[in-house]
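Peer 1: Here's a structure for you.
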Amino acid sequence: MARYTGAVCRLCRREGQKLFLKGDRCYTDKCAINRRAYAPGQHGQGRKKASEYGVQLRAKQMTRRYYGVLESQFAKYYEMATRKQGITGENLLRILESRLDNVVYRLGWASSRAEARQLVVHGHFNVNGRRVNIPSYLTKISEVVSIRPKSKESAKFQAILENTARPVVKWLDRDTEKLEGKVIALPEREDIDLDVQETLIVELYSK
């Protein structure tokens, strides 16, 4: 499976803002945006006037990078969003939010979406009692995501749980004793706390 293997801090610098791709490091002075708040490369500090297309492209790229999704997969999600009832841009964000790796991150079981994706691939989670190791699995309302019994006992997972006590979004319900979470609703736009402009993405794909 193809994936981005370069330095993720370059992605934040390219977008000009924190994408929180490295978990706890993003909240420290070591964050690349704090140290070098300009785009990477020899022309990174030059002044550029973005075109309309450029602004739309940056909106799409930023959203892709937030969720760690490749171009072809993102285009597939957009096509799915257009076939659903409602506002296409919001539908797209709901699809991205319902990915299993994002749900694991939102439940506070990983410090970043990249870490959540790795944990899912390594088979640490069940969905409705069955092991699922596909990060792109789209969870549905009433489905229960749980940490597998063997994983709960590992020292690594115990350390992860101790360091990820962030509040849970309201469309998910987390049981801290059973270490399981339930999808109780689809997220509304106001529930998604990311600085993305989905209308620009729709404009880009509509051309």
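The values are calculated or read from the model by the stated rules, or taken from the named source; none is laboratory data. What you see is a predicted model; the values in this text were computed from it and never measured. For neighbour counting, all protein chains shown are included, and Cβ atoms are generated from backbone atoms with ideal geometry for every residue, glycine included.
Peer 1: Contact list please: Cβ distance under 7 Å, first residue in the stretch 63-81 and farther than 16 Å from Leu200 by Cα and not assigned by TED's automatic domain parsing to the domain that holds Leu138, second residue small (Gly, Ala, Ser) and assigned to a helix (DSSP H, G or I), pairs at least six apart or on different chains.
Peer 2: Going by the 7 Å Cβ cut-off, the qualifying pairs are Gly68/Ala114.
Residue-by-condition table, conditions (1) surrounded by 18 or more Cβ atoms within 10 Å (Cβ to Cβ); (2) at pLDDT below 95:
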{"position": "Arg99", "(1), (2)": "yes, no"}
{"position": "Ala110", "(1), (2)": "yes, yes"}
{"position": "Ala116", "(1), (2)": "yes, yes"}
{"position": "Glu153", "(1), (2)": "no, yes"}
{"position": "Glu190", "(1), (2)": "no, yes"}
{"position": "Val202", "(1), (2)": "yes, no"}
{"position": "Lys207", "(1), (2)": "no, yes"}
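Peer 1: So, Val55, is that one assigned to a helix (DSSP H, G or I) and either in contact with a Ser or Thr (Cβ under 6 Å, 6 or more places away or on another chain) or modelled with pLDDT of 95 or more (or both) or not? Show your work before the answer.
Peer 2: On the way: assigned to a helix (DSSP H, G or I): yes; either in contact with a Ser or Thr (Cβ under 6 Å, 6 or more places away or on another chain) or modelled with pLDDT of 95 or more (or both): no.
The answer is no for Val55.
Peer 1: With the condition being closer than 22 Å to Arg64 by Cβ, I'd like the helices (runs of 4 or more DSSP H) fully within the stretch 106-207 carrying at least 3 qualifying residues.
Peer 2: 113-121, 198-205
Peer 1: Here's a follow-up. Mind checking which residues of the stretch 141-165 are of a type outside the set (A, V, I, L, M) and closer than 15 Å to Glu180 by Cα?
Peer 2: Looking only at the stretch 141-165, we keep the residues that are of a type outside the set (A, V, I, L, M), and these are 142-143, 146, 148-154, 156-158, 162-164.
Ser142, Glu143, Ser146, Arg148, Pro149, Lys150, Ser151, Lys152, Glu153, Phe157, Gln158, Thr164, listed by residue number.
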